[in-house]
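Before any comments, here is the structure.
The values are calculated or read from the model by the stated rules, or taken from the named source; none is laboratory data. On a predicted model such as this, the values are computed, not experimentally measured, just so you know. Cβ placement follows ideal geometry from the backbone for every residue including glycine, while neighbour counts extend to all protein chains displayed.
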Amino acid sequence: MPSFHRRYSIFLLITGMFLAQCTSRDSTTKEAEQLSDTTTLDTISAFPVMEEPAPPVPDYDTLEWTDLHLLDESIAIDMRYATENNFVEEKMYECGRCFLRPEVAKQVVKVHKILQERGLGLKMFDCYRPRPIQWKLWEKVPDKRYVSDPRKGSMHNRGAAVDLTIVDAEGKQLDMGTTYDFFGPEAWSTYQDLPDSILANRKLLRGLLEEEGFRGIRTEWWHFSYPGKGYALSDMLWNCE
């Protein structure tokens with residue numbers, strides 16, 4: 001049998017080895033945790049927080065005008081006088097932006113939202129028309145039946161008139177019987193020798209716009225003005241990118 005002192009020495013040796021192993025494991029664990037923390041911080045610092053871009057600063061007087069596309073991007077904009085697809089077959093606007101007086105623009109959006117509930121929407125052919133452009137049109141077609149005399153001006157020149165139609169969910173125009181800027185009795189709002197479906201489309205457009213304060217004219221199913229506000233004639237020309 002080993003002596004007491006021998007057994008006690010063996011006991012101390014085993015205990016010391018066990019404590020050394022525990023200390024080593026604790027040290028390794030702490031180093032791993034510190035490394036993990038450092039790696040996490042380094043990883044986070046490598047990916048800075050991205051700030052949302054600031055909204056564009058309007059390039060026009062927002063008290064006087066509203067860019068309809070910025071007010072509601074779902075409204076289709078097809079400004080015909082920014083193309084050659086118009087009755088004078090010449091580009092009149094440098095670019096196609098639909099400006100209206102703020103109150104007029106809000107009423108247009110109301111009509112658009114009502115149509116959206118039916119799976120439809122609005123498409124704009126013309127909005128505010130600068131008076132310098134009105135002069136260009138008058139020089140080409142000096143006929144009051146088709147172009148307002150710029151000396152008197154029109155509701156378009158005041159930012160209070162729109163030329164527009166209705167489109168379906170795919171952007172296809174509803175059949176209104178004639179093209180935009182068609183000058184003939186078939187385009188008159190009083191013309192009735194048309195299929196019931198076309199008359200219904202015209203009635204829908206006119207009815208919704210009149211409910212929001214717009215007024216149509218007899219000779220053009222697409223033209224509506226917002227009267228009674230006394231907006232001044234304007235020569236404002238919008239910016240193009």
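Observations on the model:
- Those residues of segment 81-131 which are closer than 19 Å to Ala232 by Cβ and of a type in the set (Val, Ile, Thr), in sequence order: Val104
- Candidates Thr165, Thr178 - the one that is among the hydroxyl-bearing types (Ser, Thr, Tyr), in contact (Cβ under 8 Å) with a residue 24 or more places away in the chain and assigned to a loop (DSSP other than H, G, I, E, B): Thr178
- Hits in segment 206-235 - residues which are surrounded by 13 or more Cβ atoms within 10 Å (Cβ to Cβ), in contact with a helix residue (DSSP H, G or I) (Cβ under 9 Å, 6 or more places away or on another chain) and hydrophobic (A, V, I, L, M, F, W, C): Leu208, Leu209, Phe214, Trp221, Trp222, Phe224, Leu233
- For Arg151: the one exception among (1) free of Cβ contacts under 8 Å to residues at least 24 places away in the same chain; (2) under 28 Å from the mean Cα position of the chain (by Cα); (3) over 16 Å from Leu100 (Cβ atoms): (2)
- Condition broken by Ile114, with the remaining ones in (1) of a type in the set (Val, Ile, Thr); (2) touching an Asp or Glu at 6+ places or on another chain (Cβ under 9 Å); (3) not assigned by TED's automatic domain parsing to the domain that holds Thr179 satisfied: (3)
- For segment 59-106, residues that are crowded, with 16+ Cβ neighbours inside 10 Å and outside any loop (DSSP other than H, G, I, E, B) total 14.
- Unique match (being among the acidic types (Asp, Glu), over 19 Å from Phe224 (Cβ atoms) and under 20 Å from the mean Cα position of the chain (by Cα)) among Glu117, Glu139: Glu117
- Residues located in segment 58-92, provided they are polar (S, T, N, Q) and touching an Asp or Glu at 6+ places or on another chain (Cβ under 7 Å): Asn86
- Unmet criterion (only one of (1) free of Cβ contacts under 8 Å to residues at least 12 places away in the same chain; (2) in a loop (DSSP other than H, G, I, E, B)) for Lys203: (2)
- Selection over segment 107-157 of residues that are surrounded by 15 or more Cβ atoms within 10 Å (Cβ to Cβ), assigned to a loop (DSSP other than H, G, I, E, B) and among the charged types (D, E, K, R) gives a count of 1.
- Residue under evaluation Arg131, criteria (1) over 17 Å from Ile77 (Cβ atoms); (2) among the basic types (Lys, Arg); (3) out of contact with any Pro (no Cβ under 8 Å at 6 or more places or on another chain), criterion not met: (3)
Listed here are the residues, each with its yes/no results for (1) out of contact with any Pro (no Cβ under 7 Å at 6 or more places or on another chain); (2) closer than 21 Å to Arg80 by Cβ; (3) aromatic (Phe, Trp, Tyr); (4) at pLDDT below 95.
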position: Tyr180; (1), (2), (3), (4): yes, yes, yes, no
position: Gln192; (1), (2), (3), (4): yes, no, no, no
position: Leu199; (1), (2), (3), (4): yes, no, no, no
position: Arg202; (1), (2), (3), (4): yes, yes, no, no
position: Gly216; (1), (2), (3), (4): yes, yes, no, no
position: Lys229; (1), (2), (3), (4): yes, no, no, yes
position: Trp238; (1), (2), (3), (4): yes, yes, yes, no
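- Among the residues of segment 181-194, those that are in a loop (DSSP other than H, G, I, E, B) and either among the aliphatic types (A, V, I, L, M) or farther than 21 Å from Leu115 by Cβ (or both) comprise Asp181, Phe182, Phe183, Gly184, Trp188, Thr190, Tyr191, Gln192, Asp193, Leu194.
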